[in-house]
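Taken together, the values in this text are just the output of simple stated rules run on the coordinates, not laboratory data. All values derive from a computational prediction rather than experimental measurement. Please note: Cβ atoms are built from the backbone with ideal geometry, for glycine as well, and neighbour counts cover all protein chains shown.
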Amino acid sequence: MNGTQRSSIQRGRHVAIVQKHHQRSGELTEGIVQDILTNSPTHPHGIKVRLVTGEVGRVKEIRD
């Protein structure tokens, strides 16, 4: 499942994000969603979230 739809992402979900400084390499970081930062219902590059670890990035995959 991809992360372009805000409605499919909730707090507490296990996701894989790409952080801004890893966009070129595509390196993914896994974690649990703490906050949803994108206000619009969709975003072509993925919904921006903050993980419980404090890392911020766009959701590329929903893992659970």
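The number of residues in segment 5-16 being within 11 Å of R58 (Cα to Cα) and assigned to a loop (DSSP other than H, G, I, E, B) comes to 0. Among the residues of segment 9-36, none is identified as over 11 Å from the mean Cα position of the chain (by Cα), among the polar types (S, T, N, Q) and within 19 Å of D64 (Cβ to Cβ).
Restricting to segment 37-64, and then to whatever is within 12 Å of I17 (Cα to Cα) and among the aliphatic types (A, V, I, L, M), can you tell me which residue is nearest to the chain's Cα centre (by Cα)? The extreme case among them is V59. Restricted to strands (runs of 3 or more DSSP E) entirely inside segment 17-64, those with at least 1 residues that are touching a Gly at 6+ places or on another chain (Cβ under 7 Å) and farther than 13 Å from N2 by Cβ are 28-36, 48-51.
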